[in-house]
Amino acid sequence: MEKGGVIFNIEHSSFVDGPGIRTTVFFKGCNLRCAWCHNPESQSFLPQMMIYKEKCVSCGRCKEKCPSGLENCTLCGACALYCPADARRIKGKNYTVEEVLDELLSDAPFYESSGGGATFSGGECMLQIDFLAEMLKKCKENSIHTAVDTAGHVPYESFEKILDLTDIFLYDVKCFDSEKHKKYTGVGNELILENLAKLLRTGKRIWVRIPIITGVNDSVDEMLAIKNFFDERGHPEKIELLPYHSMGEHKYAAIGRKAHIFSVPSEEKMAELKRVFS
C-alpha cells in the first residue's frame with residue numbers, strides 16, 4: 001500500500017524557499033505554536049474548514065448545498081465548491097506520493113532552467129517522516145533537487161533517515177534563549193540547537209533562516225548569541241534574516257482563532273541585525 005501524507009498547499013513558482021524556481025509542498029501538522037505563525041492552518045494535522053467572513057456575500061449557497069445545512073460539518077467540500085465568493089476553503093488533503101510527484105514533474109522545465117527544485121515545508125514536514133522520505137526518494141529518482149524546510153524539533157534519527165536524500169536544509173532558528181523560545185513557541189530550543197549542531201557536522205548544505213520579530217528577538221545581543229553558536233560549532237552556507245510580515249493575520253479569524261499582532265521591523269533595524277553576521 002502506498003504511503004500517503006496530509007498536505008495543505010502546493011505552491012508553484014516559489015522564489016523564497018531555496019535556490020532557483022521551486023515548487024513548495026506544505027505538510028500539515030506542527031509541534032510548535034509560534035506566536036507569529038503566518039500559516040496557522042498548518043498547525044493541526046487534520047483537514048479543517050477556513051471561513052473568510054469578510055468575503056461572504058450572504059447568498060446562502062453554502063447552506064443550500066450542505067447535506068446538513070451547515071449544522072454538522074463533515075468536510076465534504078460542497079459549501080466551498082459552490083461558494084461564488086471563495087469564502088470557504090478546506091485546508092488539508094491526503095495525497096499519495098505519486099500525486100505529489102505529478103505536481104512536481106509538471107514544473108520540471110523551470111527547475112532545469114533556474115537551478116530550482118522541490119521544497120518540503122510545513123507545518124513541520126519531518127513529523128510525517130516516512131511520507132517525506134518516500135517523496136525525497138522519488139525526487140532523486142527523477143533528478144529533482146530537494147530542500148527540506150524544518151524547525152528541527154524532531155528526533156535526530158529523523159534527520160538520519162533523509163540525509164542522503166536531501167540536497168539542502170532550510171533550518172529555522174527563532175530565539176537563542178530557551179525560556180524565551182518556550183514562551184513564544186511552546187517548546188524550549190535545546191533539541192533544536194542540538195540537532196543543528198549535529199547537522200552542521202555532516203557537511204550538508206544548510207541555510208539558516210531567522211524570523212525577526214519585534215520585541216522578541218530583534219536585538220543585536222540575540223543575533224550575537226546565534227553568531228557565537230556558529231563560531232563554535234560551524235557555519236551554515238547562508239544565514240537569512242526574515243522580517244515579520246502581517247499577511248497571515250487574517251487566517252486566524254478564518255479558523256476561529258485570535259492572532260497575536262506584532263509590528264513589522266524597520267529597514268534600519270533589519271540592516272543593523274544583518275551587520276552582526278556580515
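The values are calculated or read from the model by the stated rules, or taken from the named source; none is laboratory data. In this text the structure is predicted, and so the values were computed from the model without any measurement. Ideal geometry is used to build each Cβ from the backbone, glycine not excepted, and the neighbour counts take in all protein chains shown. Heavy atoms of the whole protein, side chains included, go into the accessibility calculation; ligands, DNA and RNA do not. Shrake-Rupley method; radii C 1.70, N 1.55, O 1.52, S 1.80 Å.
Of note:
- Selection of the range 56-75 for residues being open to solvent by 80 Å² or more (accessible area, probe 1.4 Å) and under 31 Å from the mean Cα position of the chain (by Cα) yields Asn72, Cys73, Thr74.
- Pairs, first closer than 10 Å to Leu273 by Cα and open to solvent by 40 Å² or more (accessible area, probe 1.4 Å) in the range 207-220, second among the charged types (D, E, K, R) and modelled with pLDDT of 95 or more, C-beta under 7 Å, six or more apart: Val220/Glu272
- Pairs linking a residue in the range 166-182 that is of a type in the set (Ser, Thr, Tyr) to a residue that is open to solvent by 30 Å² or more (accessible area, probe 1.4 Å) and part of a helix (DSSP H, G or I), with Cβ atoms under 7 Å and 6 or more positions apart or on different chains, are Ser178/Glu190.
- If you filter the range 108-126 down to residues that are assigned to a helix (DSSP H, G or I) and open to solvent by less than 60 Å² (accessible area, probe 1.4 Å), you find that the one that is farthest from Ser44 (Cα to Cα) is Ser114.
- The test for being within 29 Å of Tyr156 (Cα to Cα) and of a type in the set (S, T, N, Q) holds for Thr202.
- Residues satisfying the stated conditions in the range 76-89, i.e. closer than 30 Å to Glu124 by Cβ, in contact with a helix residue (DSSP H, G or I) (Cβ under 9 Å, 6 or more places away or on another chain) and open to solvent by 60 Å² or more (accessible area, probe 1.4 Å): Leu81, Asp86, Arg89
- Condition check for Glu134 on (1) open to solvent by 10 Å² or more (accessible area, probe 1.4 Å); (2) in contact with a Lys or Arg (Cβ under 7 Å, 6 or more places away or on another chain); (3) without any contact (Cβ under 8 Å) to a residue 40 or more places away in the chain: one failure, at (3).
- Elements of type helices (runs of 4 or more DSSP H) in the range 174-278, at least 2 residues being in contact with a Phe, Trp or Tyr (Cβ under 8 Å, 6 or more places away or on another chain) and more than 30 Å from Glu54 (Cα to Cα): 190-202, 220-233
- Counting the residues of the range 5-21 that are touching a Lys or Arg at 6+ places or on another chain (Cβ under 6 Å), farther than 13 Å from Lys91 by Cα and not polar (S, T, N, Q) gives 0.
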